[in-house]
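Notes for the one structure printed next.
The values are calculated or read from the model by the stated rules, or taken from the named source; none is laboratory data. Just so it is clear, the model here is predicted, and its values are computed rather than measured. So basically every Cβ, Gly included, is an ideal-geometry build from the backbone, and we count neighbours across all protein chains shown.
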Amino acid sequence: MNAFDSDLESSDESLNPFSQQLSDCLERLHAGEEKARDEIVVVCAERLQIIAHRLLKKFPRVRRWNDTDDIFQGGALRLYRSLASVHPSNVRELLGLATLQMHRELLDLARRYSGPTSYAANHDTNVVVDSQGVRHIIDSVSDRNEALERWTLFHETVERLPEEQREVFRLVWYLNADQTQISRLLNCSTRTVKRHWQAARQTVREALNNEFPDESR
């Protein structure tokens, strides 16, 4: 079991050394100590790596060009910057903020690779040359843009969910947590977790006309 999954298994932050250390950093952040931002990123580094790795699986187009370390570095920088104005009150909120910043990093990279003049669009593995020497892009720009628009709408819909539904959806969809882990983390019954998950999933499906994005894109 990795560090992040251990955190999910623990329902009492006071018994978790990582949570205790991070809670201390958050208190200092609220008190206005600038150095606390640096320490939060350092303390969270292993968890941020795990989040980056799991989220990257949902972005196969980005995964072709970037690895986990790339996403971790970009997401960690975004988290550091966001902590200048956003002060999470506990570890759960901080991990939620970190996940959000990783989403934004991945979406920006996906947009960067979607344009017709991008390196990804014109890389040799995307192109065939016919007998006349004309280059043809196999994976069409329109298909990529359609997939990106669907993924963007997907993530935007998730961010608009009610807080409890959004937290459950993030834990299930992005971080692969099971309902038992989530119930312990949120201190509620698995039945409540299931209800929030089903409601959130239905909202997202309706926003996307009952079709989730294709994870092969």
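I'm trying to understand the selection: among the residues of segment 201-213, which are outside any loop (DSSP other than H, G, I, E, B) and under 18 Å from Thr152 (Cβ atoms)? So that I can check it myself, show each step before the final result.
Applying the first criterion (outside any loop (DSSP other than H, G, I, E, B)) to segment 201-213 yields 201-207.
Residues satisfying the conditions are Thr203, Val204, Arg205, Glu206, Ala207.
Of these, Ser142, Ser189, Ser114, Ser131, which one is within 25 Å of Ile51 (Cα to Cα), modelled with pLDDT under 80 and either of a type in the set (Ser, Thr, Tyr) or in the same structural domain as Leu95 (by TED's automatic domain parsing) (or both)? Write out each step before concluding.
Values: Ser142 fails: within 25 Å of Ile51 (Cα to Cα); Ser189 fails: modelled with pLDDT under 80; Ser131 fails: within 25 Å of Ile51 (Cα to Cα).
Residue meeting the stated conditions: Ser114.
Name every residue in segment 192-217 that is modelled with pLDDT under 90 and hydroxyl-bearing (Ser, Thr, Tyr), in order of residue number.
To start, the set of residues in segment 192-217 that are modelled with pLDDT under 90 comprises 208-217.
Passing the criteria: only Ser216.
It is to be established whether one or more residues within segment 156-175 are under 23 Å from Ile50 (Cα atoms), at pLDDT 60 or above and in a loop (DSSP other than H, G, I, E, B).
Within segment 156-175 (the criterion being under 23 Å from Ile50 (Cα atoms), at pLDDT 60 or above and in a loop (DSSP other than H, G, I, E, B)), the answer is yes, since at least one residue qualifies.
Quick check on my filter: what residues within segment 28-50 are among the small types (Gly, Ala, Ser), surrounded by fewer than 18 Cβ atoms within 10 Å (Cβ to Cβ) and in a helix (DSSP H, G or I)?
Across segment 28-50, the qualifying residue is only Ala45.
Please specify each residue of segment 51-73 satisfying the condition of being within 14 Å of the chain's Cα centre (by Cα) and crowded, with 20+ Cβ neighbours inside 10 Å.
Result: Ile51, Ala52, Leu55, Leu56, Phe59, Val62, Ile71, Phe72.
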